[in-house]
Amino acid sequence: MKLKLTLALALLLTSLTSMAADLSQLAAARTWQKLLHMPAMASASEIETPSFFLAKNGAVDAEAELRATLRLFHENAQQMCRFPARAAWLAQQQLLSFDYRQCDKLMQWLGGQTPDSVSVVFADGFLENPASFYGHLLIRVGSTSDTSARQLMANSFNFGARVPHDEDPVSYIIKGLVGGYRAAYSTTHFYRYDINYAEAELRNLWNYRLSTSPAQSRLLIWHLWELLQTDYAYFFSSRNCAYHMARALELVTDSQLVQSHDPFVLPADIIQRLNEATIDGHAAIAKRHLQPSRLYQFQQRWSQLIPDEKALLNAWLRNPGYFELTDFPAQSQQKVADVLTDFYAYRLHQLDQGTPEHQRLQREKQQLLRQRMLLPMTTGHDWQLAEPSAPESAQAPGLLRFGLDYTDTGSDSATRLSMNFRPAYYDVLQRQQGRLPNATLTMAELGLSADRNSLELEHFWLLRLHTLNESVSGLPGDGGASWGLELGWQRDRLRQPADDLSPIVTASYGHAFRIKNERVNLSLRTELRDPSAYVGGILAAPQLQWLSEGNRWRSQCTLRYEFDPGSRLEEPWYAGCEMAWHIAPQQDIRLSVARQKGSRIQLGWSWYW
Amino acid sequence: MVRKLAVTAAAVLIAGNMLAAPKAQANAFGGVNPWQQCGIGAMIFPNHGLAAAISNIIWDLGTTAVTSATVSQETCEGAGTFTAIFVTESYVQIEEQLAVGDGEHLNAMLQLMGCTQAQQPQAIKKLRTDYAAHMGTASYSGQSQVEKAEALYYTAADAVAHCQAS
């Protein structure tokens with residue numbers, strides 16, 4: 001009897017010891033730690049919501065959290081529905097059994113969909129809202145058996161700051177930069193994002209289907225579902241949608257996509273990293289698909305109209321109330337009606353509701369659609385959609401440039417070494433792949449120069465934003481404008497001999513158009529600056545810019561005449577040209593020449609990282 | 001099943017007299033008008049445009065705001081109400097696709113109404129004719145998007161019921 005008891009105790013002890021060892025091992029598994037958002041080598045979770053953890057010290061002790069999770073799940077199986085990813089993973093480890101179909105809320109949310117795939121959706125940058133300059137990421141739940149209509153209904157995840165509706169722009173920027181907002185994951189049907197991004201904001205949506213297995217896809221979806229109960233401090237440049245979406249995606253990728261200390265994390269970066277990442281040793285992205293914005297679709301279709309059809313379209317727009325499409329061949333009628341529909345759709349989103357122009361276009365669209373409904377259904381014409389270069393083909397966002405800088409201020413000349421650095425994002429002379437075309441968008445750009453005696457700050461641009469948005473069709477709302485905004489400090493070596501660093505704000509607005517292959521911008525530029533003995537506090541200038549490109553180069557020349565109300569400026573004419581030779585995927589050589597009162601020649605080698 | 005019943009009931013009640021039968025239309029949702037009593041219009045278009053409303057609310061399937069004391073939350077959360085929300089929010093796309101005769105929003109609406117893929121061409125054909133007639137009425141251009149969506153919904157329900165019956 002004694003022997004039996006001893007043996008039983010020994011067996012129990014062995015079993016408990018072995019289970020404890022197993023649990024320690026399981027708690028150290030990367031997948032478990034990823035489920036808790038504990039980055040490799042980190043001592044604590046990045047999840048800031050205490051209720052996400054079941055153990056008191058669960059945020060810092062993965063094993064305690066594992067034990068608490070198992071305890072809770074065994075006590076109350078329904079709790080697995082609150083943490084379906086944890087439950088699914090523990091079921092894979094054969095520690096319990098879990099069937100997501102027992103979870104009512106989850107099933108209601110799925111709405112009949114059987115998810116077995118996941119796509120990451122990248123929305124192109126949107127220059128009308130600073131928070132959207134760098135694009136946006138969504139994650140879309142998919143099923144291989146989905147029809148296209150069903151895909152429209154698919155659930156999708158978003159991550160964003162909770163910004164009060166009436167927040168003023170200054171608070172918005174400051175709070176966004178310093179962590180003044182809370183942010184959270186949210187979910188809704190994909191069609192709503194499609195309306196918001198592709199229709200209203202006219203941004204292309206890039207769908208990247210991941211190469212996850214059905215089980216991996218579900219694990220990721222369940223995990224995102226779990227994350228709906230968490231929230232975070234929001235930092236525009238680092239702890240943003242890109243960062244938190246990437247952290248969720250790391251659950252299935254073989255390597256990390258972001259680092260905790262990354263000062264800048266951009267949505268396009270995540271797409272590039274995902275493009276280089278693997279899932280179980282295979283390329284993480286299985287398939288890419290473009291969902292065009294309404295404006296891009298219009299431009300594409302417009303380009304496919306023959307001259308007679310373009311004339312027909314313009315005739316309709318000149319006199320929509322009295323023009324009959326039926327006077328033309330059937331296929332032309334249908335093609336023109338399609339393109340006109342796209343025109344009205346994007347234009348109505350650009351205009352404020354309730355304005356006379358909006359109401360007029362709404363009436364015209366109504367007439368058009370009614371006429372179209374009376375035409376046969378099929379067009380017999382397949383519109384082609386040329387895909388612009390994809391976001392992952394873009395150069396890396398960081399810049400480091402070294403060069404030589406020769407300056408002649410009129411009274412003095414010097415040659416100095418120069419260094420430029422910026423964490424993000426791109427300028428108009430870089431390779432155009434994967435970027436908004438003919439645009440500059442840089443943040444925190446630092447320029448230094450040095451000679452044997454001194455090291456000087458040449459400039460520090462908080463923001464530089466320019467866009468030369470040429471029109472494809474010439475119709476209203478389809479480009480045709482150029483605008484720019486610069487904010488920072490700059491040492492002015494061209495206008496004055498005393499080259500003090502001055503705070504500067506510039507703004508420009510004008511007309512962008514094309515002459516053959518050259519892009520031209522005629523604009524009015526205003527500059528506000530710290531006045532000196534040589535330059536007034538405000539300068540206004542009509543400006544001509546000329547942008548050219550070849551196979552592996554781009555150049556831009558600028559000519560302007562500056563009016564200084566203070567009459568301190570000695571030389572009002574500014575002329576300058578800059579050229580970039582794209583010598584390698586992540587490198588270029590820059591040469592720039594500029595002249596006003598003084599003159600400057602710069603030569604540099606750029607590396608994008 | 002509930003959805004099919006709702007659609008069928010709507011179709012039977014409003015056939016041939018869509019615009020002049022508000023009471024019959026309400027029966028499509030078991031005596032409820034989701035646009036008026038579940039707050040669809042107010043929720044989707046509070047004071048701003050559709051896009052602004054969409055970007056600022058976190059949405060769950062069938063979430064609605066009951067705006068009538070006679071209607072229960074449960075009634076407002078039915079699948080039929082979701083279809084009503086979808087049609088209202090996607091009205092612009094559905095109307096355009098209806099003009100062409102094809103499109104994923106149009107197909108999605110018909111699918112939600114219980115129209116099979118095989119039945120869709122017939123339903124679309126009828127819906128185009130009926131809705132073109134509605135667009136020609138004097139009242140159409142004065143309607144808000146919510147009102148147009150409501151009319152489109154019932155016209156579509158009628159077209160679906162018609163092709164299901166044939």
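Just a few scattered comments:
- Here is the short version for chain A: A:C241 have no other Cys C-beta closer than 4.7 Å.
- Per residue of B:89-96, other chain Cβ atoms within 10 Å of the residue Cβ number 5 on average.
- Å² per residue, accessible surface of chain A at 1.4 Å: 45
- Per-residue average of Cβ from other chains inside 10 Å of A:141-150: 3
- Exposure rank, largest accessible area first [A:F190, A:F402; 1.4 Å]: A:F402, A:F190
- Peptide A:236-247 has a mean of 0 when you count, residue by residue, the C-beta atoms of other protein chains within 10 Å of its C-beta.
- Whole-Å distance, taken between Cα centres, linking the range A:37-94 and the range A:121-183: 27
- For the range A:424-439 versus the range A:515-575, the gap between their alpha-carbon centres in whole angstrom: 21
- Cα-based shape type of the protein assembly as shown, given that a ≥ b ≥ c are square roots of the gyration tensor eigenvalues and the cut on a/c is 1.5: oblate
- Of the accessible area of the range A:111-291, computed with a 1.4 Å probe over protein heavy atoms only, carbon and sulfur atoms account for 52 percent.
- Cα centroid separation - the range A:261-313 against the range A:471-500, whole Å: 27
- Two tests apply to each whole DSSP H helix in chain A, Cα reach of 15 Å or more along its axis and mean Kyte-Doolittle hydropathy of at least 0.0, and the ones passing both are A:2-27, A:214-227.
- Reach of A:K365 by Cα under 14 Å, taken over aspartates and glutamates that are not fewer than 8 positions away in the same chain: A:E324, A:D338, A:D342, A:E357, B:E95, B:E96
- Each chain gives up part of its surface: A and B jointly bury about 3400 Å² of accessible area, both sides summed, for a 1.4 Å probe.
- In the calculated pair-distance distribution of the range A:58-146, the portion above 18 angstrom amounts to 61 percent of the Cα-Cα pairs.
- Per-residue SASA entry for B:K125, accessible area with 1.4 Å probe, Å² rounded to 10: 120
The values are calculated or read from the model by the stated rules, or taken from the named source; none is laboratory data. Note that the coordinates shown come from a computational prediction; the quantities given were computed from them, not determined experimentally. Cβ: placed from backbone, ideal geometry, glycine included. Neighbour counts: every protein chain shown. Accessible surface areas use protein heavy atoms only, side chains included; no ligands, DNA or RNA. Shrake-Rupley method; radii C 1.70, N 1.55, O 1.52, S 1.80 Å.
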